[in-house]
């Protein structure tokens, strides 16, 4: 998206094969951006900040909340009308969280009771605003910052819970001045990110590190299978994304990171882990092991997997302050709890999380993924350590983020 708004052509290497990323490319092409593909490499011919054109029809974001929310920020600052839609799952997800700030900036957005389809009537230039996030969401933060590129002045986003900063890093890498830091707001310390617009910028070549959220499943599998080990290279080590590794260490697993370097303003490195011979005993805590508070926003994609890991931990694991899981591709609190119960674990469900008792002897079961890629992958790992056969319904949904998942998993356990 940033490359599409740049002046000139950007070469992007190691681009994901996921359906979510394919949805983004298709939407950009409908908006007049020329994209050349060569395997996992892309050449994006940028059209400049105001070079997008009105699409012939609605833009289909498929299952991708990131595509819809970030594109909405870009389209809010255009001079034409657009409609963003998606599959049934995406159309059920909350969008009022981006509608509010974009309308404060001057765009007009019609929706179906705060959900997609979104009909966006842009404004040039938008009004610059200072906006405090009502929910910890890197997607909402990114939406507002991207809108700020086409706003008349300084647009600032304030967040009490620090979220992923890939957008700030990428904007900065493309030469856009981005202010970040901490400040006292209403008597409390808060993080902020800000851009000043309107701003034009030049194309850059980008090398994308491997996705740690995808690597997490293989790391967890090796950790939970006695005698196993794995090393994965070129994994993104962004501090706002690597919390999963910290949680594995805190749970007593042997995790090593080596060869860290920085490329395209993102750190990456190699991660290795060795399987435990017996249930782990996390140090210095009263069971169950608790994940809550500021850590939640930076672990949101890995929480179902951590619940599976927690089922094998002495004292178990508890997740709180994670009500956001209820409005993902599925209700991930309910689907995770239901799947673990079906496999024989004791699980208590809360409005904002769950508690799983461990260590549990899991048994094979039929798991309904509810079309949620994170659930399908998490319970594939549970199936590896369970006694008997585990069948996952609608497992093809993993293509949303990781089409190669099952093939790669098979290659590692044969």
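Taken together, the values in this text are just the output of simple stated rules run on the coordinates, not laboratory data. This is a predicted model, so every value here is computed, not measured. Cβ atoms come from the backbone with ideal geometry, glycine included; neighbour counts cover every protein chain shown.
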Among DSSP beta bridges whose residues both lie in the chain, state the antiparallel percentage, nearest 5. 75 percent
Between residue 112 and residue 391, what is the FRET efficiency for a Förster distance of 45 Å, r being their Cβ-Cβ separation, to the nearest 0.05? 0.80
Semi-axes of the equivalent ellipsoid for the chain, Cα gyration tensor, largest first, Å: 37, 22, 21
Over the Cα atoms of segment 228-327, how large are the radius of gyration and the largest Cα-Cα distance (Dmax), in Å? 14.3, 41
Span from the segment 368-414 Cα centroid across to the segment 122-194 one, whole angstrom: 36 Å
Give the shape of segment 173-302 as rounded, prolate or oblate, defined through the alpha-carbon gyration tensor: a ≥ b ≥ c are the square roots of its eigenvalues, a/c under 1.5 means rounded, and otherwise the shape is prolate if a/b is larger than b/c and oblate if not. oblate
Kirkwood hydrodynamic radius, computed over distinct alpha-carbon pairs, for segment 68-184: how many Å, to one decimal? 14.3 Å
Considering only segment 212-413, percent of DSSP beta bridges that pair antiparallel, nearest 5: 70 percent
From the square roots a ≥ b ≥ c of the eigenvalues of the alpha-carbon gyration tensor of segment 212-413, which class results: rounded (a/c under 1.5), prolate (a/b over b/c), or oblate? rounded
Report for segment 310-414 the percent antiparallel among DSSP-assigned beta bridges with both residues inside it, nearest 5. 65 percent
Can you work out the FRET efficiency for the pair residue 103 and residue 80, with r the C-beta to C-beta distance and R0 = 22 Å, to the nearest 0.05? 0.80
Can you check how the C-alpha radius of gyration of segment 2-207 compares to 2.2 N^0.38 Å, as a plain ratio? 0.96
Contour minus Cα-Cα span, residue 130 to residue 413, at 0.36 nm per residue, comes to 96.8 nm
Before rounding to the nearest 500, sum -39500 (n - 2.57) across all DSSP H runs of length at least 4 in the chain and divide by the residue total; then give [θ] at 222 nm in deg cm²/dmol. -8500 deg cm²/dmol
Relative contact order for segment 212-413, counting Cα pairs under 8 Å that sit 6 or more residues apart, in percent: 17 percent
Taking Cα atoms, how many degrees apart are the long axis of helix 332-342 and the longest axis of the chain, rounded to 10 and kept between 0 and 90? 20 degrees
Given a Förster distance of 22 Å, report the FRET efficiency between residue 278 and residue 351 from their Cβ-Cβ distance, rounded to the nearest 0.05. 0.05
Over the chain, calculate the relative contact order: mean separation of alpha carbon pairs under 8 Å at least 6 apart, over the residue count, as a percent. 12 percent
For segment 2-207, what relative contact order do you get, as a whole percent, if you take Cα pairs closer than 8 Å and at least 6 residues apart? 20 percent
Does segment 254-308 classify as rounded, prolate or oblate by the C-alpha gyration tensor (a ≥ b ≥ c root eigenvalues; a/c under 1.5 gives rounded; else a/b over b/c gives prolate, otherwise oblate)? oblate
